[in-house]
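Notes to accompany the following structure.
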Amino acid sequence: MNQPVNRTRDRVARTAILVLVLALLAFWAWAFVIYEPPGNPDRLEDRAWPTAAEQRCARAVGAIGDLPAASQSPSPGHRADVIDEATEILDQLADDLAVLPGGTDDDRVLVGKWLDDWAVYLGDRATHAHRLRTEGDVRPYLTALPSGAGSHVERMNGFARVNDMESCLDPGDF
């Protein structure tokens, strides 16, 4: 009498294991073959916008490249003057990028946050120039993110890289 109960239990156990194995195979097939991950949340949908921004950034980087390098400055005050000139170029670039048409509504939100980081970075540049004039040869100070994990310029550069805007990285000129 025990024999039919054991066979039924074995059959149920084998069926349950088979269903589990098939479910796992189906899940992994979906995960690796069918499912398409959403990608980086900072990647802009309208790819025309970063293309246009890259062109504007490249012109600004070219103009900054025409300025004397920091290593060529005879004094901290002179270096501060050059930083101020470059900051004016970057400030105009940020203003230009803010009114650059195109992009989806979500893109505009992301760009707005990116430009907020640019505003902090431009303020850091002005602070550095001021400190060069008043304190002498000092290292630049970059504002940390509220979380303490990096700086605004790191996040700003990350957004530029994700969107293939290499010329929109901070120019690294000071």
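The values are calculated or read from the model by the stated rules, or taken from the named source; none is laboratory data. Please read all numbers here as calculations on a predicted model, not as lab measurements. Please note: Cβ atoms are built from the backbone with ideal geometry, for glycine as well, and neighbour counts cover all protein chains shown. Protein only, heavy atoms only, side chains kept; ligands, DNA and RNA dropped before computing areas. Shrake-Rupley method; radii C 1.70, N 1.55, O 1.52, S 1.80 Å.
Summary table below
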item	result
FRET efficiency estimate (nearest 0.05) - Cβ-Cβ, W30 to A119, R0 45 angstrom	0.55
Share of carbon and sulfur in the accessible heavy-atom surface of segment 69-174 [1.4 Å probe, %]	51 percent
Whole-Hz ³J(HN,Hα) from phi, Karplus 6.51 cos²θ - 1.76 cosθ + 1.60, for segment 156-168, glycine and proline x	4, 5, x, 4, 4, 5, 4, 9, 6, 10, 4, 6, 8
Chymotrypsin sites (Phe, Trp or Tyr not before Pro) within segment 74-143, DSSP loop, no more than 16 other Cβ atoms inside 10 Å	Y141
Using alpha-carbon coordinates, inclination of helix 2-29 to the longest axis of the chain, degrees	20 degrees
Most to least packed among 10-22, 90-102 [average Cβ atoms within 10 Å]	90-102, 10-22
Coil-residue chymotrypsin sites (Phe, Trp or Tyr not before Pro) of segment 14-88, DSSP, other Cβ within 10 Å capped at 11	Y35
Share of alpha-carbon pairs per 5 Å distance bin for the chain, given as whole %	1, 8, 13, 14, 12, 10, 7, 5, 4, 3, 3, 4, 3, 3, 3, 2, 2, 1, 1, 0, 0
Pairwise label distance in nanometres, R133 with V12, each label 7 Å out on the Cα-Cβ vector	8.5 nm
Normalised contact order of the chain, rounded percent, pairs of Cα under 8 Å and 6 or more residues apart	29 percent
